[in-house]
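Everything below concerns the one structure shown next.
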Amino acid sequence: MSVLLVVLLAVPLLGAAALLVPGPLGKAAVRFGILVSGVVFAVSVAAASVFDYADAGSIQGNVDFAWIPGLGVRFHLGIDGISLPLVVLTALLTLLCFVYLAGHEPERAREFVFALLLLELGMLGTFLSLDLLLFFVFFEVVLIPMYFVIAIWGGPGRRAAAYKFILYTLLGSAVLLVGLLFVWAQTGTLDMVRLAAEHPMSRSAQILAFVAIGLGLAVKTPMWPLHTWLPDAHTEAPTVGSVLLAGVLLKMGTYGFARVAIPILPEGAAAVAPWLGALAVVGIVYGALACLAQRDLKRLIAYSSVGHMGFVLLGFATLTPVGINAALYGNVAHGLITGLLFFLVGALKERHGTADLDQLGSGLLGRLPYVGSLLTFACVASLGLPGLAGFWGEMLALQGAYEPAAGLPRPLFLTFMVIGGLGAVLTAAYFLVMLSKVTHGPWGGPGPGLKDATRVELTAWVPLVVLILVFGLWPSALLGLTTPAVQSLLGVP
């Protein structure tokens, strides 16, 4: 297993380095990206196949050696039931993005592939790191390539959106770094496993550290009111940029709560949990109301992410096995569903030249039956229809709020549950309103030059449809993996 973890990081790094060697590639750059990301995905599947599911709560495949000996920083990697699903999700979505690009050749393809491979390296490294400083380094690696993906290959307002993205996330990272250094100063170690097992900090120090680390992670999540960079970034980013931003980058923030903030700072988490829950449910309702007001389809999906991440944060705020399982499940479900939504919206924007709901018109099911049917499927999955993956994260988060951890104010969390339930209703409302405008209505026949889903597009989209169905109908496939890890995280026997 340890060799596989090293290979997971080495392959995208070597692939990106190979693109720095001068030489003509042309369209072969995207095929090279498919090859490299395909190898990474195969290695992630191999890691999943040798993973010991009977011991999913323990760190497996430890890679641990001195990186900066003078500072006590180690190159420490490992994987457990919390990180494994996100590693496989990252590898899958990156591969599907390259497959999609095979039918949508970008300008300056060599540089684009380089940026995506560097992005994959940072995302995978974040989910595998077990040293706080190493975690921070990989957490930051993703910012520069994503900045260039938006600023170079984005829409008309790409520069402003990219500046906003980098300024917000760098500010959040600065606060995160302060929190991590404070933990180091208090404990003398950066080892996540040791810190989670020993809890060596006082309650007051834990609260200070949790606030700093939590704020840094909340920007990336994004949590209301630190979300304002997200709609612009999604609106201007190219299709694959939006897919990876929503499908993986947002999960890096929520993963930080599960891997760093809650297990290392349990008393700080308990003190801040009511505030975290309050901001989470405000985000749920705010995201739904903002979606009802949107005219641009990409902005609508972007604001929906604010609401869905609100359910994830509410799950974490309960500090219960049910709630944290809900958060981890919601992470994966949101990655699959919103990744599919941004693929589909990108396809619509490419065909119509706009994502404006009024200009898209109605009758999509008649004009483009495959695209329209898949958009309908993705929307009903995102609104939480039972039997699809989106349902379980939201339902379990509300159940966790019904019975929060001991010491948390139950009446307050019951209020959060009610408000979250209202948000779920509003979520259904804005998706149904959008579908009624776009997919239904009179059909005047295909518009000039409009083509339905291509084979390349279906190759990129169908795996996500299958996984949304699998995790919706068989939730224990994921919950059976995360539950032992969550019990270990909370110290539950």
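Based on what the data block shows, is L341 of a type in the set (A, V, I, L, M) and farther than 25 Å from L467 by Cα?
no
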Exercise. In the range 145-165, which residue that is surrounded by fewer than 16 Cβ atoms within 10 Å (Cβ to Cβ) and free of Cβ contacts under 8 Å to residues at least 24 places away in the same chain is nearest to D131 (Cα to Cα)?
Worked result: Y163
Problem set entry | Residues that are among the small types (G, A, S), surrounded by fewer than 24 Cβ atoms within 10 Å (Cβ to Cβ) and touching a helix residue (DSSP H, G or I) at 6+ places or on another chain (Cβ under 7 Å), drawn from the range 279-307 | A290
Problem set entry | First in the range 357-370 and of a type in the set (D, E, K, R), second anywhere and surrounded by fewer than 18 Cβ atoms within 10 Å (Cβ to Cβ) and modelled with pLDDT under 75, Cβ under 9 Å, 6 or more apart | R367/G361; R367/W443; R367/G444; R367/G445; R367/P446; R367/G447; R367/L450
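V137: over 25 Å from K349 (Cα atoms), over 19 Å from the mean Cα position of the chain (by Cα) and part of a helix (DSSP H, G or I), yes or no? Working first, answer last.
Numbers: over 25 Å from K349 (Cα atoms): yes; over 19 Å from the mean Cα position of the chain (by Cα): no; part of a helix (DSSP H, G or I): yes.
Answer is no for this residue.
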Seminar exercise, completed: Sole miss for G125 among (1) modelled with pLDDT of 90 or more; (2) over 15 Å from the mean Cα position of the chain (by Cα); (3) surrounded by fewer than 24 Cβ atoms within 10 Å (Cβ to Cβ) is condition (2)
For this session: Kindly indicate whether G70 is over 16 Å from the mean Cα position of the chain (by Cα), part of a helix (DSSP H, G or I), of a type in the set (G, A, S) and over 21 Å from A48 (Cα atoms).
Result: yes
Exercise. Taking the range 195-225 on its own, how many of its residues are buried (at least 23 other Cβ atoms within 10 Å of the Cβ), of a type in the set (A, V, I, L, M, F, W, C) and outside any helix (DSSP H, G or I)?
Worked result: 2
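The rows are residues; the columns are (1) over 30 Å from G268 (Cβ atoms); (2) in contact with an Asp or Glu (Cβ under 8 Å, 6 or more places away or on another chain); (3) at pLDDT 90 or above.
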site	(1), (2), (3)
L398	no, no, yes
T415	no, no, yes
A424	no, yes, no
T427	yes, no, no
K437	yes, no, no
W443	yes, no, no
L469	yes, no, yes
Exercise. If you go through the range 166-174 one residue at a time, do you hit one that is hydroxyl-bearing (S, T, Y), crowded, with 20+ Cβ neighbours inside 10 Å and not in a helix (DSSP H, G or I)?
Worked result: no
Problem set entry | Criterion (within 18 Å of G122 (Cβ to Cβ) and touching a Gly at 6+ places or on another chain (Cβ under 6 Å)) met by exactly one of G216, G241 | G216
Seminar exercise, completed: Residue hits (the range 73-110; within 27 Å of G256 (Cα to Cα), among the aliphatic types (A, V, I, L, M) and part of a loop (DSSP other than H, G, I, E, B)) are I82
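The values are calculated or read from the model by the stated rules, or taken from the named source; none is laboratory data. As the structure is a computational prediction, the values presented were derived from the model and not from experiment. All Cβ positions, even for glycine, are placed from backbone atoms using ideal geometry, and neighbour counts span all protein chains on display.
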